[in-house]
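Every number in this text was worked out from the coordinates using simple rules, so none of it is lab data. Worth saying up front: this structure is predicted, and the values here are computed from it rather than measured. Here the Cβ positions follow ideal geometry from the backbone for every residue, glycine too, while neighbour counts run over all protein chains shown.
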Amino acid sequence: MSRIKPERLHLGDTVGIIAPASPPDLKGLEKGIQFLKNLGLNVKIGKSVKQVYGYLAGTDKERLDDLHEMFLDQEVKAVFCARGGYGTGRIASEIDYQIIKNNPKIFWGYSDITFLHTSIRQETGLVTFHGPMLASDIGQDDVNQLSMDGYLQLFEPKGLDYTEELSPLEVIVKGQASGELVGGNLALIVSTLGTRFELDTKGKLLFLEDVHEEPRSVDRMLNQLLMAGKLTEACGILVGDFSDAGSKRENTLSLEEVIRYYVQRAGKPAVKGFQMGHCNPNITIPLGVEAALDTYEKRLFVESGIL
């Protein structure tokens, strides 16, 4: 499928906010909205963003309608997710992907939004953005400047050159690899297996991150990816942040031991330490673009995600 890069933003553009998973913290959301306005953007808010339906921001239909309406709205140039949580997998099979393909625009989020990054890219070819969200990240008092700066790449095509100037990097398997950058949250990637939206990693750079998963859980999920061929089919592996991953068990392997075991078994060039995921800062990367990993220089280059 041919790759579709969305158009860049301009001052005065209108952008939309949706909550396709869990309901956002409203105080954080308001701060996130003001952040977008300070960037010179106008904001439209989806009808279900402030709804609460258990652990979901409205019913499946309400959240689905918001997503469709934002992509159909010709005034809206980008769609930002307020937060993650849980729920995108519930609506993925009901999305009209032709609407998205016919109206390509910036789509932004991470965590549970990983399911939509994968389904949208594989169904339409649209490049999407894995980055900090408005309520859960940008709207927090301790948000890092690098997290906010990620939004600036939407105004001007510019690649990301990730070196140890951004964070310490550790080589797990030496080598060089280049290919399409895919991935995101480990638990959400595993949840695509066996479905219509199963993540395709063949010849691709696979990025992984997660939060609140103890080593045994990470072990189980990486083992499943390994047995499914997803680690060995990738051309390289990028290990992002795995925050709050401790174990209360008396006998346990460390997260470091678990990750190294599976990544080394995959045998593909791999580096860990990328500040991407549930961390502060949370550095934005486009998914679906070409990227190159060089372990000898400890460098990752990711091409721009916009036109």
Please work out the Cα center distance from region 255-307 to region 172-186, rounded to the nearest Å.
6
How about region 126-223: which trypsin sites (Lys or Arg not before Pro) there lie in a loop by DSSP and see at most 14 other Cβ atoms within 10 Å?
LYS158, LYS174, ARG196, LYS202
Among GLY89, VAL76, VAL52, pick out the residue whose Cα is farthest towards the positive end of the charge dipole of region 25-144, where Lys and Arg carry +1 and Asp and Glu carry -1 on C-beta, about the Cα centre.
VAL76
In the structure displayed, which of LYS31/LYS77; LYS202/LYS272; LYS101/LYS298; LYS5/LYS202; LYS61/LYS158 lie more than 32 Å apart, Cα to Cα?
LYS101/LYS298; LYS61/LYS158
Going by average Cβ neighbours within 10 Å, how do the peptides 249-256, 187-194 rank, with the highest at the top?
187-194, 249-256
Placing unit charges on C-beta atoms (Lys and Arg positive, Asp and Glu negative, everything else neutral), compute the dipole magnitude of region 167-287 about its Cα centre in debye, rounded to 20.
340
Looking at the chain, identify the longest residue range that excludes and avoids all chymotrypsin sites (Phe, Trp or Tyr not before Pro) in DSSP loops having at most 12 other Cβ atoms within 10 Å.
56-295
Under a straight-distance cross-link criterion of Cα-Cα below 13 Å, which aspartates and glutamates are reachable from LYS230, leaving out those fewer than 8 residues away in the same chain?
GLU198, ASP200
Just in region 43-106: which GluC sites (Glu not before Pro) are loop by DSSP and have at most 13 other Cβ atoms within 10 Å?
GLU75
